[in-house]
Amino acid sequence: MAEVKRKNKFNILTHGCQMNEHDSEILAGFLKGMGYQEIDDCHKADVFIINTCAIREKAEEKVYSRLGALKKLKEERPHMIIGVCGCIPQQEGIARKIKSRYPHVDLVFGTHNLHKFPELLQKAMEKRKTFIDVWPQREGIIEGLPVGRKDGIKAWVPVTYGCNNFCAYCVVPYVRGREHSREMNNIVAEVENLAAEGYKEVTLLGQNVNSYGKDLSNEVSFARLLKRLDKIEDLERIRYMTSHPRDFTGELVEVIWQSSRVCEHFHLPLQSGSNKILKKMNRGYTREDYLELVEYIRELIPQASITTDFIVGFPGEEEKDFADTLDMVEKVRFDSAFTFMYSPRKGTAAAEMPHRLNQEVKKKRLSRLIQLQTRISKEINEKLRGRSLEVLVEGISKQNPSMLTGRTRTNKTVNFKGDKDLLGNLVQVLIKEPKTWSLDGELTREPVSF
């Protein structure tokens with residue numbers, strides 16, 4: 001009887017943003033093409049990659065804690081390859097720090113050379129000691145990389161890489177490099193292929209999608225890209241993240257208003273309601289600019305949802321500045337908000353600013369902000385009680401396996417009972433029980449036909 005060859009296995013742990021998730025899909029694509037099988041348990045993997053995030057100190061500490069814990073696993077499975085990639089190794093001196101402190105790590109690489117991964121993995125296997133390959137910047141955009149997507153319903157599609165904004169608190173321009181836009185034809189071709197394969201929704205990715213095309217020679221913009229993608233008939237929904245309020249033009253609002261596939265969800269990170277703090281953050285807009293944009297969105301698309309991000313406790317934030325933030329929350333009435341305490345990151349302008357706030361002040365302000373936003377989110381969702389909403393069925397609810405879960409066009413999570421055959425379909429759900437962060441409902445009729 002012929003011997004059955006054991007199939008090598010891999011596991012990827014991803015921290016951070018959606019761009020990191022897509023990078024992990026590329027790594028998975030390479031590994032699957034090399035004959036590896038993906039598993040959920042890193043303890044049984046032959047290759048284990050941690051894709052890291054450097055946006056906050058806490059995220060970085062989690063990675064170092066995990067690396068320390070992996071020493072024992074490496075001793076038990078010496079053939080195993082442990083890799084670290086993503087934004088943390090892109091920071092100056094960090095790759096050498098990982099090599100010194102965690103010699104059981106075999107491979108360290110960054111954000112700019114994912115296309116070289118098969119070569120890097122081979123070198124790590126041959127050397128059997130920490131191999132480092134971190135590029136200081138991206139050498140153009142490499143198209144046609146394999147993508148190992150798990151989800152056959154939704155897909156991430158990058159449109160830009162890097163960031164030119166240099167917000168005072170953010171490491172992204174330093175770890176992701178300067179902005180590079182993909183050619184529109186390449187993006188359109190990828191989305192057309194995804195639609196033909198049965199994907200119902202794409203999310204266009206970029207650190208600032210609104211600036212798409214500014215570095216290209218031909219006349220393209222994010223608004224024109226959305227117009228072009230809106231014509232792809234087999235596609236049901238188009239989302240995008242992240243957008244910058246400064247670059248969100250009236251033309252872009254109008255294109256979304258006129259489109260049939262671009263979802264009516266606007267994620268506009270405000271960060272602070274104080275003009276003084278916004279200036280210190282180098283955000284490039286005022287609270288008045290932001291309110292004008294919100295007013296125009298609601299004038300054209302009254303059913304739109306608007307969500308945001310806030311940083312509490314930025315250096316120099318006084319009580320009156322924080323009061324301005326609370327005032328903006330009341331004025332705009334966001335559907336939801338991601339809220340964070342300021343975390344200094346080495347190499348950023350804010351890390352050198354005086355007048356830092358103590359942790360107790362930041363915690364109290366964060367609590368007050370969350371309390372206010374929670375009330376508003378609940379009030380907004382309560383208005384959906386008794387409404388029938390279109391939902392794209394995305395999977396099984398993690399909180400209740402007997403329920404299906406999906407999202408509305410305005411990015412509301414909806415849970416309801418239904419058959420698994422509905423996955424990937426558009427259905428109508430009657431909202432019975434609005435909650436603060438999700439909606440419970442009942443299926444009202446058969447799936448919307450495609």
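Tabulated results
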| item | result |
| --- | --- |
| Helix-only [θ]222 nm of the chain, DSSP H runs n ≥ 4, -39500 (n - 2.57) each, per residue, nearest 500 | -10500 deg cm²/dmol |
| Span from the the stretch 151-178 Cα centroid across to the the stretch 15-69 one, whole angstrom | 18 |
| Shape metrics for the stretch 225-290, restricted to C-alpha atoms - Rg then Dmax, Å | 14.5, 47 |
| Rounded if a/c under 1.5, otherwise prolate or oblate - the stretch 319-450, Cα gyration tensor axes | prolate |
| Cβ-Cβ FRET estimate between residue 420 and residue 192, R0 fixed at 25 Å, reported to 0.05 | 0.35 |
| Top of 177, 68, 213 by mean-square fluctuation, Gaussian network on the chain, Cα under 10 Å | 68 |
| Stokes-Einstein diffusion coefficient of the stretch 154-382, Kirkwood radius over Cα pairs, 37 °C, 0.692 mPa s, in µm²/s | 176 |
| Shape call, the stretch 9-133: gyration tensor on alpha carbons, a/c limit 1.5 | rounded |
| Along principal axes, Cα extents of the stretch 361-404, largest first, whole Å | 42, 24, 15 |
| Charge sum, other residues only, whose C-beta stays under 9 Å from residue 109's C-beta, Lys/Arg counted +1 and Asp/Glu -1 | 0 |
| For the stretch 267-312 versus the stretch 315-394, the gap between their alpha-carbon centres in whole angstrom | 12 |
| Of 123/154; 9/127; 200/227; 331/398; 331/383, pairs whose Cα-Cα distance is over 24 Å | 123/154; 331/398 |
| Gyration tensor verdict on the stretch 125-218 (Cα atoms; rounded if a/c is under 1.5, prolate if a/b is larger than b/c, oblate otherwise) | oblate |
| Aspartates and glutamates whose Cα lies under 16 Å from that of residue 44, excluding same-chain neighbours fewer than 8 positions away | 75, 76 |
| Any cysteine of the chain lacking a neighbouring Cys Cβ under 4.7 Å - listed by number | 17, 42, 53, 85, 87, 163, 263 |
| Modelled FRET efficiency - R0 56 Å, residue 433 with residue 139, Cβ distances, 0.05 increments | 0.60 |
| Inter-label distance for residue 43 and residue 355, nm, one decimal - labels placed 7 Å from Cα along Cα-to-Cβ | 5.1 |
| Calculated diffusion of the chain, Stokes-Einstein form, Kirkwood radius summed over Cα pairs, 20 °C and 1.002 mPa s, µm²/s | 91 |
| Residues listed by number, the stretch 209-232, amide nitrogen under 11 Å from residue 18 label point at 7 Å toward C-beta | 209 |
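None of the figures in this text is laboratory data; all of them are computed from the coordinates on show. This is a predicted model, so every value here is computed, not measured. Neighbour counts run over all protein chains shown; Cβ positions are idealised from the backbone, glycine included.
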